[in-house]
Amino acid sequence: MKTGITLVGLIDCLRKYTCKCFGIIFFLLSPQPRLNKARLRFSSASPSSPPSNLTFYTRFRQHLGLQQLSLLFTRWVLKVTTLSEQILHLRSLANTRYPGLFHLLQENTQDSIKDGEIKQHFGRKIAIDASMSIYSFLIAVRSEGQQLTSETGETTSHLMGLFYRTLRMVDNGIKPLYVFDGRPPTLKSGELAKRSARKAEATAAHAEAKEVGTAEEVEKFSRRTVRVTKEINDECKRLLTCMGIPYVEAPCEAEAQCAALAKAGKVYAAASDDMDTLCFETPILLKKLMLSEMKKEPVQEIYLDRAMQELGFTRDQFIDLCILLGCDYCDTIPKVGPTTALKLIREHKSIENVLSHLGPKYAVPKKWPYQDARELFKNPLITDPDECEFKWEAPDIDKLVAFLVGEKGFNEDRVRAGAVKLSKNLKGNTQARVNDFFKPVPKTAEELAGLKRKSEEKAAERKKKVKAEKAEKGKGKKGKR
DNA sequence: ACTCTGTCTCAAGACGGG
DNA sequence: TTGAGACAGAGT
DNA sequence: CCCGTCC
């Protein structure tokens, strides 16, 4: 059994003990702290616990090396920590998750999901959750069970994947913007079971007993957990810099930041396979962006406004629906699946009303923080998109070669060939920008009615198909679409 | 019939040669 | 590990 | 399209 504490426990420890650690936590969550208005904005919400002692204040200031440290700033830090804690806590509570939203949209709307080709996105800027990608590279890019490594034994899987995937995107005229998680991904995906949350408490209590050793212990732990990931992240950032591809650091969740950028029109869309991104109000979500070319599967383009229009939902209702379907932050109500959830929201318009009209057959979980989940969707912790500056530049070929070939043992010809593609495609930087402000036109009521009809027809057809397939069972298989 | 749920399974990156 | 599809079984 | 290789 692994010994370990979760971030929840970690933060708890840190809050109780050393002030220096607040700095560490801060850097975990937002590696490039910069005082600006956008960030201070978050201070408006009152922190759950004010910075109680002066020591914290001064030591944190020393740690950051800032001359002035406004109270607002420290409050922002507190806000970050408490929000992260909240998110992680909520996630640890949710154990079942429905993948239902996509299917629900597929079956109940006509126009919100569009299949397309990657080439259609030529010249567009697209925000991508870097941490997700890197994580999947680390898992998938393997040879004989081992990750690819340089001569010195350092892992290079992530660089490999990132390099070639980015190349392919650029080659297709897409301008990727990578968004890094504020939180280290290992903590998120790793040991965050309920069980270990309890353990964390125990660990924290244990730490409380030894007042002295705590800080170092905690620091050691955080290093152990974070270090690899942080290095990997840094390498990826370095690679991106060499390639002339911009990236952004999200204070908390990358998904939320991607959505915010898309919403502000800074990028055309957010690319993710996670439907939760829709709840953060990205106007357009691209699913399976990179699978398309390889496997000849279409890129799925999901329009939030069309989805809401066709469902007849407001944004609040849409979020409530997603919560009922099951999101990262809380469980579902037993016996409420996609169909029932849709019906309930259609009928009662909000979770509050649903709850008050629910029959006794439905047992709402005792601890069901749907309001918190809703709040996280509606007011996620993000950096103001207007404060994010990014541009695509020509690659620094010498640095790129020095890095990948010199340090990591990549094939020089391949890297150089890639660099050529990069500089070729990123040249026309300014002219393509016009395309990015295209947005789907809202539908008129008439069109909507038509769509509804179509959608119903489609649903009927679908059902027939299912039946037909069932009836025809035993014979050969039929390809979809 | 319809819906929800548990369980099982598999793949998960990208490229290029044959 | 996570996510998605297929499928069987239970509840309505 | 399958399958071995990338590092």
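The values are calculated or read from the model by the stated rules, or taken from the named source; none is laboratory data. Just so it is clear, the structure is predicted and the values come from calculations on it, not from any experiment. Ideal geometry is used to build each Cβ from the backbone, glycine not excepted, and the neighbour counts take in all protein chains shown.
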Practice item. For residues that are under 30 Å from A:Glu253 (Cα atoms) and surrounded by 14 or more Cβ atoms within 10 Å (Cβ to Cβ), tally how many sit in region A:354-370. Key: 7
Check your understanding: Counting only residues that are at pLDDT 90 or above and small (Gly, Ala, Ser), which one in region A:288-312 is surrounded by the most Cβ atoms within 10 Å (Cβ to Cβ)?
Key -> A:Ala307
Review point. If you scan region A:114-153, which residues turn out to be within 29 Å of A:Trp392 (Cα to Cα) and more than 16 Å from DNA strand B (Cβ to nearest atom)?
Key: A:Lys114, A:Asp115, A:Gly116, A:Gln120, A:Phe122, A:Gly123, A:Arg124, A:Lys125, A:Ala127
Exercise for review: Output the residue which, of all residues in region A:99-141 that are in contact with a Ser or Thr (Cβ under 6 Å, 6 or more places away or on another chain) and modelled with pLDDT of 90 or more, is nearest to A:Pro385 (Cα to Cα).
Suggested key: A:Asp129
**Study point:** Residue check, A:Leu105 over 17 Å from the mean Cα position of the chain (by Cα) and within 16 Å of DNA strand C (Cβ to nearest atom)
**Key:** yes
Practice item. Scan region A:329-339 for residues that are in contact (Cβ under 8 Å) with a residue 60 or more places away in the chain and either of a type in the set (A, V, I, L, M, F, W, C) or surrounded by fewer than 19 Cβ atoms within 10 Å (Cβ to Cβ) (or both) and report the count. Key: 2
Practice item. Please identify the pairs in which a residue from region A:81-100 that is under 11 Å from A:Cys252 (Cα atoms) has its Cβ atom under 7 Å from the Cβ atom of a residue that is assigned to a helix (DSSP H, G or I) and at pLDDT 75 or above, counting only partners at least 6 apart or on another chain. Key: A:Ile87/A:Leu376
Exercise for review: Please enumerate the residues belonging to region A:253-279 that are among the charged types (D, E, K, R), surrounded by 24 or more Cβ atoms within 10 Å (Cβ to Cβ) and within 12 Å of DNA strand C (Cβ to nearest atom).
Suggested key: A:Glu255
Practice item. Look through A:Thr383, A:Thr340 and report the one residue that is of a type in the set (Ser, Thr, Tyr) and under 28 Å from A:Ser133 (Cβ atoms). Key: A:Thr383
Check your understanding: Of A:Leu342, A:Leu240, which residue is touching a residue at least 24 places away in the same chain (Cβ under 8 Å), assigned by the TED database to the domain that holds A:Thr155, within 16 Å of DNA strand B (Cβ to nearest atom) and buried (at least 18 other Cβ atoms within 10 Å of the Cβ)?
Key -> A:Leu240
Practice item. Please go through region A:361-396 and pick out each residue that is of a type in the set (Asp, Glu) and either within 16 Å of DNA strand D (Cβ to nearest atom) or in a helix (DSSP H, G or I) (or both). Key: A:Asp372, A:Glu375, A:Asp386, A:Glu387
Review point. Is it true that A:Lys188 is surrounded by 12 or more Cβ atoms within 10 Å (Cβ to Cβ) and at pLDDT 50 or above?
Key: no
Practice item. Could you tell me whether A:Asp331 is at pLDDT below 90 and within 15 Å of A:Ile128 (Cα to Cα)? Key: no
